[in-house]
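Right, one structure below, let's go through it.
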Amino acid sequence: MRPRTTYQGVATVYKAGVGDGACSYGPSGDMMIAAMNTTDYETSRACGAYVLVRTASGASVTVRITNECPLPCAPGQLDLSEQAFAKLAPVSTGRLAITWSLLSPDTSGTISIRYKNGSSPYWCGIQAIGHRNPLARLEVRTGGGWRQLARTDYNYFLSPGGSGCGGAIRLTDIYGEQLTVDGIALRPDAVQPTRVQFARH
């Protein structure tokens with residue numbers, strides 16, 4: 001998913017329930033959400049991205065990516081929650097030609113960090129929540145410097161040997177901005193706020 005790029009595809013519709021999905025964010029307070037096709041999902045790189053969706057008629061809606069739409073979802077396809085699809089056309093339409101592009105929205109919120117359930121000093125998974133721009137990397141500080149963690153398709157970054165768990169975390173967005181977060185306790189399944197947020201683009 002690249003900035004300043006317009007993608008063509010189709011919008012379909014799904015029952016999003018409470019808004020949880022493959023990105024592992026949990027229930028969504030705002031149901032303006034969508035599932036990204038597997039190609040553009042890119043092993044969860046699309047998670048948390050804000051996307052402006054437009055139809056040929058001029059209707060538009062901004063959605064946040066919280067889920068993956070597996071095959072047969074095609075490249076360019078977005079599966080919208082019923083609430084989001086209804087902003088474009090009646091839900092009964094079922095399928096619409098669209099264009100979409102990445103947004104860097106106005107937000108007053110800051111990023112939060114969550115350690116995965118089961119995390120310890122010997123193994124941990126780390127997730128960033130509420131980032132304005134898509135994440136490109138998550139690193140932890142170790143004795144040898146910064147170490148990049150591998151990203152899973154369920155949107156956690158894993159440190160299999162526990163290296164860096166409970167220490168400083170460095171986040172990099174797709175625009176290259178880096179934010180360093182200290183003081184996040186190793187508390188599994190707790191959403192811990194930070195004081196930082198990426199800049200708008």
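Computed values, structure above
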{"read-out": "Between region 1-67 and region 82-98, the Cα center-to-center distance that results, in Å", "value": "13 Å"}
{"read-out": "Value of Rg/Rh across region 69-143 [Cα atoms, Kirkwood radius]", "value": "1.10"}
{"read-out": "Nearest-10 value in Å² for the accessible area of ARG95, using the 1.4 Å probe", "value": "140 Å²"}
{"read-out": "GNM result for the chain, Cα springs below 10 Å: residue of ASN155, ASN37, ASN117 fluctuating most strongly", "value": "ASN117"}
{"read-out": "Whole-number D in µm²/s for the chain (Stokes-Einstein; Kirkwood sum over Cα pairs; 4 °C, 1.567 mPa s)", "value": "75 µm²/s"}
{"read-out": "Phi to ³J(HN,Hα) by Karplus 6.51 cos²θ - 1.76 cosθ + 1.60 over region 129-141, Hz, x for Gly, Pro", "value": "10, x, 7, 5, 10, x, 7, 9, 8, 10, 10, 10, 7"}
{"read-out": "Net length gained if the chain between ARG195 and LYS15 were fully extended (0.36 nm per residue, minus Cα distance)", "value": "61.4 nm"}
{"read-out": "Karplus 3J(HN,Hα) series, Hz, for region 77-89 with 6.51 cos²θ - 1.76 cosθ + 1.60 (x for Gly, Pro)", "value": "7, 10, 9, 8, 4, 4, 5, 6, 4, 5, 6, 9, 6"}
{"read-out": "Relative frequency of Cα-Cα separations exceeding 13 Å in region 8-62, percent", "value": "65 percent"}
{"read-out": "Overall form of region 53-93 per C-alpha gyration tensor (a/c, 1.5; a/b vs b/c)", "value": "prolate"}
{"read-out": "DSSP beta bridge pairing in the chain, given as percent antiparallel to the nearest 5", "value": "80 percent"}
{"read-out": "Geometric extent, Cα atoms of region 122-201 - Rg, Dmax (angstrom)", "value": "12.0, 38"}
{"read-out": "Ranking by accessible area, most exposed first, for TRP123, TRP100 with a 1.4 Å probe", "value": "TRP123, TRP100"}
{"read-out": "Rounded accessible area per residue of the chain, 1.4 Å, Å²", "value": "45 Å²"}
{"read-out": "Cα-based Kirkwood hydrodynamic radius, region 1-116, one decimal, Å", "value": "14.1 Å"}
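The values are calculated or read from the model by the stated rules, or taken from the named source; none is laboratory data. Every value quoted in this text rests on a predicted model; they were computed, and no experiment measured them. Accessible surface is based on the protein model in full, side chains and every heavy atom, while ligands, DNA and RNA are left aside. Shrake-Rupley method; radii C 1.70, N 1.55, O 1.52, S 1.80 Å.
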